[in-house]
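Student: If you scroll down you'll find the structure; I have some questions about it.
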Amino acid sequence: PLNLSSVTADETIRHVLKEEGYDHVYCYGMGDGLDTLKKAASVKKNLVVAPSGLKAAKYMEKTFGIPYEAGYPILDKKRKKQICDLNGKKMLVIHQQVMANEIRKEILKYHDVEVTAATWFMQKKEWKQPQDVVLKTEQGFADYVAEQQFDTIIGDAYLSLALREFDGEFIHVPHFAVSGEYEHDNGEIGI
């Protein structure tokens, strides 16, 4: 739950995956209880939506032969439109690694730009591109942004407070672990 942007992300993930043809969708740790965990060894595939789930997915693959993939299939229409309308040639996406990579993938569908994915948290080397970074301090973050001269930053708006010198476009994508905010289905932000 700390790695997601929406308080109802589990419902959205279920809906999207059922539209893709999956009959049963379980969201471990997102409202599904012990009965769901009892079924875990019999699923056909695992979807890892945050780096914190990778170790469990690898264990299930090794132990039960269940394949996994990383992805975050819930970029909403509003977010996709924002991505289509982006300007600039150098962009920074700050979120947990899987979400940042999904946003980067979406950007690259529409724009020929340089996109760096950054995180304050766990970064798995198998999902990392050479330009990606792990941020350590607010001052280090501000210095990095100033040095790299990004045109657009996508991340939790709370992070913009550290960027007094940044005059580019900042697109808010909540990250509960950063600000304690999440997005409701109606687009409102809650604390």
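Student: Return yes when LEU2 is at pLDDT below 85 and not in a helix (DSSP H, G or I) and no when it is not.
Tutor: Details: at pLDDT below 85: yes; not in a helix (DSSP H, G or I): yes.
Spelling it out, LEU2 is indeed at pLDDT below 85 and not in a helix (DSSP H, G or I).
Student: Going by the conditions given, is ILE94 touching a Gly at 6+ places or on another chain (Cβ under 7 Å) and closer than 25 Å to SER52 by Cβ?
Tutor: Numbers: touching a Gly at 6+ places or on another chain (Cβ under 7 Å): yes; closer than 25 Å to SER52 by Cβ: yes.
For ILE94, the condition - touching a Gly at 6+ places or on another chain (Cβ under 7 Å) and closer than 25 Å to SER52 by Cβ - is met.
Student: Output the residues belonging to segment 152-165 that are charged (D, E, K, R) and either assigned to a helix (DSSP H, G or I) or surrounded by 17 or more Cβ atoms within 10 Å (Cβ to Cβ) (or both). Don't jump to the end; show me each part of the working.
Tutor: Narrowing segment 152-165 to residues charged (D, E, K, R): 156, 164-165.
Listed by number, the list holds a single entry, ASP156.
Student: Against the definition (in contact with a helix residue (DSSP H, G or I) (Cβ under 7 Å, 6 or more places away or on another chain) and in a helix (DSSP H, G or I)), how does ALA142 come out, yes or no? Steps first, please.
Tutor: On the way: in contact with a helix residue (DSSP H, G or I) (Cβ under 7 Å, 6 or more places away or on another chain): yes; in a helix (DSSP H, G or I): yes.
Yes: the conditions hold for ALA142.
Student: Pairs, please: C-beta under 9 Å, at least 6 apart or cross-chain, first residue closer than 21 Å to THR63 by Cα and in segment 16-40, second acidic (Asp, Glu) and open to solvent by 80 Å² or more (accessible area, probe 1.4 Å)?
Tutor: These pairs meet every condition: CYS27/GLU11.
Student: From (1) part of a strand (DSSP E or B); (2) within 26 Å of ALA146 (Cβ to Cβ), pick out the condition that doesn't hold for GLN123.
Tutor: All conditions pass for GLN123, except number (1).
Student: Next question. Can we say LYS38 is more than 25 Å from VAL134 (Cα to Cα) and either open to solvent by 60 Å² or more (accessible area, probe 1.4 Å) or β-branched (Val, Ile, Thr) (or both)? Please lay out each step first, then the result.
Tutor: Working: more than 25 Å from VAL134 (Cα to Cα): yes; either open to solvent by 60 Å² or more (accessible area, probe 1.4 Å) or β-branched (Val, Ile, Thr) (or both): yes.
Yes.
Student: While we're here: Using the structure shown, decide if ASP112 is part of a loop (DSSP other than H, G, I, E, B) and surrounded by fewer than 15 Cβ atoms within 10 Å (Cβ to Cβ).
Tutor: Details: part of a loop (DSSP other than H, G, I, E, B): yes; surrounded by fewer than 15 Cβ atoms within 10 Å (Cβ to Cβ): yes.
Taking the combined requirement at face value, the residue satisfies it.
The values are calculated or read from the model by the stated rules, or taken from the named source; none is laboratory data. Since we're looking at a predicted model, the values are computed, not measured. We place every Cβ from the backbone using ideal geometry, glycine too, and count neighbours over all the protein chains shown. Ligands, DNA and RNA are excluded from the accessible area calculation, which covers all protein heavy atoms including side chains. Shrake-Rupley method; radii C 1.70, N 1.55, O 1.52, S 1.80 Å.
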